[in-house]
Amino acid sequence: MSEPRTDLERLREVALDQHGFVTTAQALESGVSDASLAMMVRRDRLERVAHGVYRVSQVPVTQDEPFMLAVLWTGVPEACLSHETALAVRELSDINPTAIHVTVARRRRIQRAGGEGYVLHREDLTPDQMTWWHQIPIVTIAVAISQCITSGVPTYLIRQAIEQASATGDLLHAERAALTDRLEARHVH
């Protein structure tokens, strides 16, 4: 397969794996200049959807776009879906978050417009605490449940998530026991 020839083709290659989105940093890494990005926006080849994030219109729309956009909006490589959102997208309980939860490293100070529908959490995660869901970075199920215990999600929703994840084999017996103990300890305090 030959290399993409135009700037738009380069961006489309990146966007195909990201639900139609590409960041300014990714564009620059692909050899597309700021001037070329601006020109493609003016010509309606790209849509600027958030600070530093563009939508390539040639890539089909997916239902998971809002989640990918939330992660890319942060502008940091370690960003991932987390907390209530991580349980909701996996359909592990009746949880219905009112915003998209995203976790970034503690050291990150993100101050950009467009994050009104997001809840930003700061936590240093290790690579084994993260995985992928529909090509979007996300915390593991055990981490998501742990985060929800800490953040005060209602007990019945967490119990649902533990039960469903255990039933599907997505939660190891040891993880289930530890999370159940943490959940019960939360009520003692």
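The values are calculated or read from the model by the stated rules, or taken from the named source; none is laboratory data. Being a predicted model, the structure only gives us computed values, none of them experimental. No Cβ is skipped: glycine too gets one built from the backbone with ideal geometry, and neighbour counts run over all protein chains shown.
List the number of the failed condition for Thr23; all other conditions in (1) modelled with pLDDT under 95; (2) under 17 Å from Gly75 (Cβ atoms) hold.
(1)
Within the stretch 73-80, can one find any residue that is surrounded by 14 or more Cβ atoms within 10 Å (Cβ to Cβ), of a type in the set (Gly, Ala, Ser) and more than 11 Å from the chain's Cα centre (by Cα)?
Yes, some residue in the stretch 73-80 is surrounded by 14 or more Cβ atoms within 10 Å (Cβ to Cβ), of a type in the set (Gly, Ala, Ser) and more than 11 Å from the chain's Cα centre (by Cα).
Look at the stretch 86-129 and say how many of its residues are touching a Phe, Trp or Tyr at 6+ places or on another chain (Cβ under 9 Å), in a loop (DSSP other than H, G, I, E, B) and under 20 Å from Ala165 (Cβ atoms).
Looking only at that region, the number is 3.
I want to confirm something. Restricting to the stretch 121-144 and keeping residues that are surrounded by 19 or more Cβ atoms within 10 Å (Cβ to Cβ) and more than 23 Å from Arg108 (Cα to Cα), which single residue is nearest to the chain's Cα centre (by Cα)?
Applying the filter and picking the extreme gives Ile141.
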